[in-house]
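Just below is one structure, and these are the notes that go with it.
Laboratory data are not the source of any read-out in this text; all were calculated from the coordinates shown. Being a predicted model, the structure only gives us computed values, none of them experimental. Note: ideal-geometry Cβ built from the backbone for every residue, glycine included; neighbour counts use all protein chains shown.
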Amino acid sequence: MLGYYLTLALRSFRRNRVLTALMVLTLALGIGACMTTLTVFHVLSGDPIPGKSDRLFHVQLDPEPLATYVPGAEPDSQLTRFDAEALLRDRHATRQVMMTGGGGIIEAEDGAVRPFLESMRYTSADFFAMFDVPFLHGQGWTAQDDAGRGRVAVIGRTLNDKLFGGADSVGRQVRVDGTALRIVGVIDDWLPRPKFYDLNTGRFDGQEHLFLPFSTAIDLKMGTSGSSNCFGGAPTNDSRALNAPCTWIQYWVELEDPAQADAFKAYLANYSAQQKAAGRFERPANVRLRSVMDWLDHRKVVPGDVRLQLWLALGFLLVCLVNTVGLLLAKFLRRGGEIGVRRALGAARRDVFVQAIVESGTVGIAGGLLGLGLAQAGLWAVRQRPTDYAALAHLDGAMLLLTFVLALVTSIAAGLLPAWRSMQIAPALQLKSQ
Amino acid sequence: MDIRPIVAALGRHRIATSLIVLEIALACAVLCNACFLIAERLALMRIDSGIDAPSLAVVALRGCDGCVDADVNARALAAIRGLPGVQAAGVLNATPFGIRAGDAGVTLDAEGRHFGGVPHFYAFSRDAIETLGLQPSQGQGFEAADFQPIDNFLPLDAQVWITEAFAAHLWPGEPAVGREFWMGEYHFRVAGLVPHFARPNPGRSENGVAGAQWSVVVPVRDEAQSGVYALRADPLDLPRLAIAARDAVAAAVPEAVIDMDQSRPLSDLRARYFERDRAMAWLLLGVIAAMLLVTALGIVGLASFWVQQRTRQIGIRRALGATRGDILRYFQLENFLLAGLGIALGMALAYGGNLLLMRHFELPRLPLSYLPLGAALLWLLGQAAVLGPALRAAAISPAIATRSA
């Protein structure tokens, strides 16, 4: 029966070419716009470290003065160096890392390449194991390097290609801001998107090519980048000093299960209370421990423009849907006579209904196909745009499937009312008026 | 023309009527909000940065190891000023549309109880102020003694200029010259007001568009900082001079690395800064166009169906003496009524949609002036879309009334 209905649907398309084309075009426009924005949204709101995102947690304390305290308000998103180093010493989590972004001038060992600026990350040793960083050669440095301010570095694949022509450079040297660092590892292409561990230095395109121990970077007085917030009435000459009242360090921990997470949170509250007793903290304990996805959600990582576009596209799809309902209604009711004859010849109301739905669904599939083309064009346009996430806008398998599901659901939803109306057409009345 | 028969006829086609009304209402809601969003972007892109961008360029140095500021400045400025065509040059910490140097929260009292807002602090030498062409509209210029060395971030106690926008935010309706504000231990006194001077990231800071011009100009000594240089030249010479200055500084200070990304004419930096907004405005325009097209097509489709369905009725009316004009006007008036209903509903939807957008995207309230604009546009669109089917209806001959179907 379905095959017969499909034939009927195609025949009816041929008869009402303009009306059908209008419907297909309308649906295609709506679906194309919707899929373009949905894809961008999907890519940007994805899990940057699947499989581990529920075990990595971002840590916040509240070291600011009581004078500006608002109960319940969010504590600063970063830690002071004093607190970060204290937590790192305590080692209460399975793994823990303190870090900040930075940058400096890189020179090749042999001076073959002109000196250039590069973005870097100053971090502690657990970074690589914690974030599942893939190594091409060698490995990360050790906690001993952290403690001993080791002159070591891990470089990215691109930098390795640039400096060493892609050879295994472990054991060789690179000069950073005039100091020679020994390369202990080369990492493969690795760029979690968004760069969840530090949202201050390029969320979608801020690739770092060189990693070195935090203690080494401090020792060498290397420049940091990212956000820094100093508070209290005593400005220091060095906001990076151990006791400076400034927050500028990202702190992450790896915890095995919710029980350990609860215990860690209690430990943070306890640490805050101790600091308060010691006179360093003034506010009541105000700590946060957020998993990766909670953290991304909290920081509203999907750009406002993208969310706005998604809303607009959904609104547009709704307009297209209402429009298609109207056009389908016009089409079915115009065939009132034909339906009346079919009913008089014995077709049940159900048959008329199913036939109408099949016809709507066919329009939907055609609209979906065209919409897919429009979505690809839309994504191409997004990729031409000057945003940091532009390069990410590609349709994947899941979104491809969703396109057709959306097209079918939309067109069948649009067909419900017209199908129900055409089912109501009485056989006798139509025959009489013929 | 009597509208009662039209209303009665519409009453018999409730579903088709409600569909058209709903479609126009949705279109109206999206249209008003999208137009408003475009206007917001355009307003941001038109911001008066307070400086004459076409005649200014920047050279930025990064990462100079073990340099002495005064020495670097002397060499860099000498190299820039030595280029024929350069009218002025100076060292500064930041420019509008460039890298931010320092946002900081200020308070209206020394104890830090009354929070004032987060302006951007510009630290300028006398040469830099002259190069940018900043002049106070109220109050006074800086004395030679006002240019001080920097203590970490800024001088501890300074005479400053602030923008009129920031003054109006700190002391609404009150004279600002001579007032004081604080940032921790740092103390500032307002010596003058500049009409406009945008922060490096206008519209994208904590306070959005409202805080786009919250800038503080702090006079500092030339040797207090190094790294960013502004130069002024004839706009015709500037593109060439911007590159020449970059190369000259690179040669004069070989131990530093030039930040190529930031070393450009200011109009380039400005254009790049607003690229995203321009793209968004075009996208919104695209959405509006597609939606109007779809709405128009819907009206054409339904109206054609309607005309076909009523062919016999129209024939009878024509036979009874209705002119072609009467039939045409009937469909036009009918569409006008439908659009009116849709617009009325759409305005409520537009307003509700705006409230939602306000909650999620920190947008201001939709100005009421957008509603009649959207209404007029949709009425016009409806009339244009219905014209074709209505003309076809008017062309139906009275003889059709005598036929059986």
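What the table below lists for this structure:
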| quantity | calculated |
| --- | --- |
| Pairs from A:162/A:195; A:52/A:221; A:195/A:265; A:221/A:300 whose Cα-Cα separation, in the structure shown, is over 30 Å | A:52/A:221; A:221/A:300 |
| Interchain or long-range residues, amide H under 5 Å from residue A:116's placed H | A:106 |
| Value of Rg to Rh for region B:336-405 (Rh from inverse mean 1/r over Cα pairs, i.e. Kirkwood) | 1.29 |
| For chain A: relative contact order, % (alpha-carbon pairs under 8 angstrom, 6 or more apart) | 28 percent |
| Cα long-axis angle, helix A:397-423 against chain A (0 to 90 degrees, to the nearest 10) | 30 degrees |
| Region B:26-86 versus region A:304-318: alpha-carbon centroid distance in Å | 31 Å |
| Rounded tilt (10° steps) of A:17-44 against the dominant C-alpha axis of chain A | 20 degrees |
| Distance from region A:374-388 to region B:135-161 (C-alpha centre basis), Å | 47 Å |
| For B:278-291, mean number of other protein chain Cβ atoms within 10 Å | 4 |
| As computed over chain B, the Cα convex hull volume per residue (Å³) | 187 Å³ |
| Per-residue average of Cβ from other chains inside 10 Å of B:296-303 | 6 |
| Using alpha carbons only: equivalent-ellipsoid semi-axes of region B:187-229, gyration tensor based, whole Å | 22, 15, 9 |
| Candidate lysines - alpha carbon under 22 Å from residue A:331, same-chain residues fewer than 8 apart omitted | A:432 |
| Peptide B:23-31, shielding by other chains (average Cβ, 10 Å cutoff) | 4 |
| Across chain A: Cys residues that no other cysteine approaches within a C-beta distance under 4.7 Å | A:34, A:320 |
| Amide N of region A:320-335 lying under 17 Å from the label point, which is placed 7 angstrom from the Cα of residue B:15 along Cα→Cβ | A:321-335 |
| R0 of 35 Å, Cβ-Cβ distance residue B:104-residue A:219: FRET efficiency to nearest 0.05 | 0.80 |
| Pair-distance profile P(r), taking every C-alpha pair of region B:1-101, with 5 angstrom steps and integer % | 2, 8, 11, 11, 10, 7, 6, 5, 5, 5, 4, 4, 5, 4, 4, 4, 3, 1 |
| In Å, descending, principal axis extents of the Cα set of region A:1-151 | 82, 57, 32 |
| Residue B:81/residue B:261 FRET efficiency (R0 35 Å; Cβ-Cβ; nearest 0.05) | 0.90 |
| Once the Cα gyration tensor of region A:125-198 is diagonalised, semi-axes √(5λ) in Å | 19, 17, 11 |
| Mean Cβ count within 10 Å, highest first, over the residues of peptides A:87-99, B:115-127 | B:115-127, A:87-99 |
| Debye-sum result for region B:272-405 in log10 I(q)/I(0), which assumes one identical scatterer on each alpha carbon, at q = 0.16, 0.19, 0.21 Å⁻¹ | -0.88, -1.08, -1.21 |
| Of the DSSP H helices in chain B, those whose Cα atoms cover at least 15 Å axially and whose Kyte score averages 0.5 or more | B:14-45, B:238-252, B:275-309, B:324-361, B:370-394 |
| Viscosity 1.306 mPa s, 10 °C: Kirkwood-radius Stokes-Einstein D of the protein assembly as shown over Cα pairs, µm²/s | 50 µm²/s |
| Cα-projected label distance for residue B:308 with residue B:236, points at 7 Å along beta-carbon direction, nm | 6.6 nm |
| Cα gyration tensor category, rounded, prolate or oblate, for chain A with a/c compared to 1.5 | prolate |
| Spin-label model distance (nm) - residue A:347 vs residue A:298, 7 Å beyond Cα toward Cβ | 6.0 nm |
| Highest to lowest packing among A:127-134, A:100-107, scored as the average C-beta count within 10 Å | A:100-107, A:127-134 |
